[in-house]
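Sharing a structure with you now.
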Amino acid sequence: MRKPSMQREWLSDIVESLPSLIFVALWRSGTDQEIAGWIGVALAACVLVGFRVCRLRFHPVLLGINVHLLLITPLIVGLYRFGMAAWSDAIVAVAYKGVLITVFLTGCALMFTRGGFIGVAGARGARWPYSLALLLASAAAIVWSFLLADGGALVTVALPVMALFGLRRFLIARLADRTGAVGGLAPLGAGAALGAGSVDDF
């Protein structure tokens, strides 16, 4: 197994973050929401396909965000075109909060992969409790966003997402400390390329 490059991790994090960053910038600049949405779809598709082709591992939280970008605009536009405007409007109203639901569902799917939701290779059975902790935090973020938070997108979505990033980093560091295998644990997100066969573990 090739030792992951920290520089590669940070660069891949930036690339994987670009679709959401560009979408938010367009959305906040007053660009038509549908146009901004389709640009987000195209960018998310490029990242998802590009990472797969280049055999780079996805950051589990960013993966959920990009899947959300890929699906939400076609869903909203499709419902509207098929005469379900009320459903479309209802989804638009909570679309930015819905990213937390997509992250949670992505986490549920990743629980059954080798790296788990925590996205770490070499952790053996320890990936289950750490992945479960991150999954529960994702569920708590949904409750916070929909039921408890009272504010704009920064408070209801951005802060919970940043908390998930921080929690994942903390859990990976804690796992490395407990196992004493700092060099043996490889984050599977953020662009850690683990060789030709490892991509099938996703």
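Which one is modelled with the lowest pLDDT among residues in region 160-176 that are more than 14 Å from the chain's Cα centre (by Cα) and surrounded by 16 or more Cβ atoms within 10 Å (Cβ to Cβ)?
So, considering only residues that are more than 14 Å from the chain's Cα centre (by Cα) and surrounded by 16 or more Cβ atoms within 10 Å (Cβ to Cβ), the one modelled with the lowest pLDDT is A176.
State yes or no: is Q7 of a type outside the set (G, A, S), in contact with a helix residue (DSSP H, G or I) (Cβ under 8 Å, 6 or more places away or on another chain) and surrounded by fewer than 16 Cβ atoms within 10 Å (Cβ to Cβ)? Before the answer, list the steps.
On the way: of a type outside the set (G, A, S): yes; in contact with a helix residue (DSSP H, G or I) (Cβ under 8 Å, 6 or more places away or on another chain): no; surrounded by fewer than 16 Cβ atoms within 10 Å (Cβ to Cβ): yes.
Spelling it out, it is not the case that Q7 is of a type outside the set (G, A, S), in contact with a helix residue (DSSP H, G or I) (Cβ under 8 Å, 6 or more places away or on another chain) and surrounded by fewer than 16 Cβ atoms within 10 Å (Cβ to Cβ).
Would you mind finding the one in L79, L43 that is under 21 Å from the mean Cα position of the chain (by Cα), on the phi < 0 side of the Ramachandran plot, surrounded by 14 or more Cβ atoms within 10 Å (Cβ to Cβ) and among the hydrophobic types (A, V, I, L, M, F, W, C)? Steps first, answer last, please.
On the way: L79 fails: under 21 Å from the mean Cα position of the chain (by Cα).
Residue meeting the stated conditions: L43.
Against the definition (under 20 Å from the mean Cα position of the chain (by Cα), under 29 Å from V49 (Cα atoms), assigned to a helix (DSSP H, G or I) and modelled with pLDDT of 95 or more), how does V199 come out, yes or no? Break it down into steps so the answer makes sense when it comes.
Numbers: under 20 Å from the mean Cα position of the chain (by Cα): yes; under 29 Å from V49 (Cα atoms): yes; assigned to a helix (DSSP H, G or I): yes; modelled with pLDDT of 95 or more: no.
Spelling it out, it is not the case that V199 is under 20 Å from the mean Cα position of the chain (by Cα), under 29 Å from V49 (Cα atoms), assigned to a helix (DSSP H, G or I) and modelled with pLDDT of 95 or more.
So which pairs qualify, if the first residue must be in region 14-28 and free of Cβ contacts under 8 Å to residues at least 40 places away in the same chain and within 15 Å of F58 (Cα to Cα), the second must be outside any helix (DSSP H, G or I) and of a type in the set (D, E, K, R), the Cβ gap must be under 6 Å, and the two must be at least 6 apart or on different chains?
Listed by first residue and then by second, the contacts come to nothing, as the list is empty.
Continuing with the same structure: Taking region 12-40 as the search range and keeping residues that are acidic (D, E) and in a helix (DSSP H, G or I), which one is surrounded by the fewest Cβ atoms within 10 Å (Cβ to Cβ)? Talk me through it step by step, then tell me what you get.
Narrowing region 12-40 to residues acidic (D, E): 13, 16, 32, 34.
After this cut, where a residue has to be in a helix (DSSP H, G or I) as well, the list is 13, 16, 34.
Details: D13: 16, E16: 25, E34: 12.
Residue satisfying both the conditions and the ranking: E34.
Limited to region 98-110, what total is found for residues that are surrounded by fewer than 18 Cβ atoms within 10 Å (Cβ to Cβ) and either free of Cβ contacts under 8 Å to residues at least 12 places away in the same chain or in contact with a helix residue (DSSP H, G or I) (Cβ under 6 Å, 6 or more places away or on another chain) (or both)? Please lay out each step first, then the result.
To start, the set of residues in region 98-110 that are surrounded by fewer than 18 Cβ atoms within 10 Å (Cβ to Cβ) comprises 105, 108-109.
Retained after the next criterion (residues that are either free of Cβ contacts under 8 Å to residues at least 12 places away in the same chain or in contact with a helix residue (DSSP H, G or I) (Cβ under 6 Å, 6 or more places away or on another chain) (or both)): 109.
Number satisfying all stated conditions: 1.
Determine whether region 123-136 contains at least one residue that is surrounded by 21 or more Cβ atoms within 10 Å (Cβ to Cβ), more than 20 Å from R57 (Cα to Cα) and in contact with a helix residue (DSSP H, G or I) (Cβ under 9 Å, 6 or more places away or on another chain).
No: zero hits.
The values are calculated or read from the model by the stated rules, or taken from the named source; none is laboratory data. Predicted model only: the values in this text are computed from it and were never measured. Note that we place each Cβ from the backbone using ideal geometry, even for glycine, and neighbour counts take in every protein chain shown.
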